[in-house]
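The values are calculated or read from the model by the stated rules, or taken from the named source; none is laboratory data. Given the structure is predicted, the values throughout are model-derived calculations rather than measurements. Positions of Cβ are generated from backbone atoms using ideal geometry, with glycine treated the same way; all protein chains shown enter the neighbour counts. SASA here: full protein model, heavy atoms, side chains in, ligands and nucleic acids out. Shrake-Rupley method; radii C 1.70, N 1.55, O 1.52, S 1.80 Å.
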Amino acid sequence: MNINDKLFREAKKYIAGGVNSPVRSFLAVGGAPIFIRRAKGSKLYGADGRSYVDYCQSWGATILGHAHPAVVARLLQAISRGTSFGAPTEDETVLAKKIKDALPSMELMRFVNSGTEAVMSALRVARGYTNKKKVIKFRESYHGHADSLLSKSDGVPGEFLMHTVEAAYNDLHSVKAAVGRHNGGIAAILVEPVCGNYGVILPKDGFLAGLRAIADRCGAVLIFDEVITGFRISREGAQGYFGVTPDITCLGKIAGGGLPFGVYGGRREIMRKVAPLGEVYQAGTLAGNPIAVNAGIAMLDELSKDGIYDILEEKTEGLCDGLRRESKRAGADLNVVNISSIFSVSLEGGKFKKFFHALLRKGIYISPSPFESCFLSLAHTKGDIDRTLEAVRLALE
Ligand code: PMP
């Protein structure tokens, strides 16, 4: 039995499914997941003694690559000063200023511990502010595991979904129809400005601006879930990239430097509803945790250097052009979609499983599901990309 099988079997004795988040279990691709011992730059190092070029990068959180020296150095300093105080620190203000500097629409914000929490809290504020109940979301998106946003999970009573209205992404008619059905009752329109959880789906021209107009017309709060896109597709997020300003933005992943972190924030008038300023309750023992906040500061400082996003985009274009070229050469039907340093690779039915494992055998780790996005980091080299394309060529053969 190989070491991953062995570790997985042991983990399953104590941890539900052997993993602490379902997609990690390789359910979509089969086999035991690779257990990771450490990571550096573009590489994961497995308990199996092998190294893997990593295109998951903690689901996009480690945009500088794993264990970036500037992040690690700041973390070590921060940890030695104490790991949690349950009281405010100056560093929280430092990070909040940096976030607002990049995303000026986040006039006032709140730090939480995950993307799930950011979205869940943003919805509560939107409802508190508008005094309305319904939330429009899109079928193709994932916003974390808050009850009212999980239409397909057991354990969520139908009543909890009563105020969730689903529309189709890139289809403004479906949004208008939803608004029409719930005349005057829409508290929020919640959208991933680029869908990253159903392969990568780019917004059609005018879609996001259309949502902005509809939200304004019906008095709803427009919420951009930028948990993936924030500090990823540009320093200004999707809102800067596409030039559409939401009322509230949710961030996670990169904003916390790859540590457990989330943040939501937006128009001052709306955020003034949050306790202690207003009557919408939201709190957290570890919220604004000094370790996560310091990792965030270090990462955002690196990302504010000139040209970072151009480099990321160039590398990703190089990889994705190569993927399309190899697919064509092999007569395969690889569908590659990319924007900035996010990409997805989809293949018909069972072919993805085979493709995934063929790459894995060659030391290339892509996200273990055809519905998940993949990510490049600043640490990926030309050598990594060449090695990947070579593995793809062999896999497609
Ligand atoms: N929103 C989006 C767009 C996401 O992709 C995710 C998770 N990848 C979340 C929210 C939830 O974030 P978390 O896993 O940190 O709770």
| field | the chain - Rg over Rh from alpha carbon coordinates, Kirkwood radius | value | 0.96
| note | Expressed as a whole-number percentage, the relative contact order of the chain with C-alpha contacts under 8 angstrom and at least six residues apart is 23 percent
| Viscosity 0.692 mPa s, 37 °C: Kirkwood-radius Stokes-Einstein D of the stretch 1-95 over Cα pairs, µm²/s | 207 µm²/s
| For the stretch 99-192, what mean projected area does the convex hull of the alpha carbons give, in nm²? | 6.9 nm²
| Debye, to nearest 20: dipole size of the stretch 274-374, +1 on Lys, Arg Cβ, -1 on Asp, Glu Cβ | 800 debye
| request: Please build a GNM for the chain, connecting alpha carbons under 10 Å apart, and tell me which residue among LYS328, LYS98, LYS132 fluctuates the most. | output: LYS328
| query | Between the stretch 79-99 and the stretch 2-72, what is the C-alpha centre distance in whole Å? | reply | 29 Å
| message | As an exercise, identify the GluC sites (Glu not before Pro) in the stretch 250-321 lying in DSSP coil whose Cβ has no more than 12 other Cβ atoms within 10 Å. | response | GLU279
| request: With runs of 4+ DSSP H residues as the only contributors, calculate the mean residue ellipticity of the chain at 222 nm using -39,500 (n - 2.57) per run, divided by the residue total and rounded to the nearest 500. | output: -12000 deg cm²/dmol
| field | Those GluC sites (Glu not before Pro) in the stretch 25-123 that DSSP places in a loop and that have at most 15 other beta carbons within 10 Å | value | GLU107
| query | Going through the stretch 275-344, which chymotrypsin sites (Phe, Trp or Tyr not before Pro) have at most 14 other Cβ atoms within 10 Å and a DSSP loop state? | reply | TYR281
| request: Under a cut-off of 20 Å between alpha-carbon atoms, report the aspartates and glutamates in cross-link reach of LYS98, not counting same-chain residues fewer than 8 places apart. | output: GLU90, GLU107, ASP225, GLU226, GLU236, ASP247, ASP301, GLU302, ASP306
| task | Have a look at ALA70, ALA391, VAL23 and report the one farthest towards the positive end of the charge dipole of the chain, computed about the Cα centre with Cβ charges (Lys/Arg +1, Asp/Glu -1). | result | VAL23
| said: Based on C-alpha coordinates, I'd like the Rg and Dmax of the stretch 264-317, in Å. | reply: 17.0, 47
| Of all the Cα-Cα pairs you can form in the stretch 263-354, what percent are over 20 Å apart? | 64 percent
| said: How long are the semi-axes of the equivalent ellipsoid of the stretch 140-216, defined as square roots of 5 times the Cα gyration tensor eigenvalues? Whole Å, largest first. | reply: 21, 18, 9
| remark: Taking a straight Cα-to-Cα line shorter than 21 Å from LYS351, and setting aside same-chain lysines fewer than 8 residues away, one finds LYS328, LYS362
| remark: re the stretch 1-50: pairs of Cα atoms spaced beyond 15 Å account for a percent value of 48 percent
| query | Taking only the alpha-carbon atoms of the stretch 195-310, what semi-axes of the equivalent ellipsoid follow from 5 times the gyration tensor eigenvalues under a square root, in whole Å, largest first? | reply | 24, 22, 12
| task | Could you check the simple spin-label distance between ARG37 and LYS12, using points 7 Å along Cα→Cβ, in nm with one decimal? | result | 2.4 nm
| note | Partner lysines whose C-alpha sits under 17 Å from that of LYS97, ignoring same-chain residues fewer than 8 away, are LYS305
| task | Using only C-alpha positions, report the orientation-averaged shadow area of the convex hull of the stretch 126-173, nm², one decimal. | result | 4.0 nm²
| task | Determine the share of the stretch 238-383's accessible area contributed by carbon and sulfur atoms, expressed in whole percent, with a 1.4 angstrom probe. | result | 51 percent
| request: Tally up the carbon and sulfur contribution to the accessible surface of the stretch 1-151 as a whole percent, 1.4 Å probe, everything protein left in place. | output: 54 percent
| field | Gyration tensor over alpha-carbon atoms, the stretch 40-101, equivalent ellipsoid semi-axes in Å | value | 29, 15, 10
| Residue among ASP225, ASP205, ASP91 with the largest mean-square fluctuation in a Gaussian network model of the chain, springs linking Cα atoms under 10 Å | ASP205
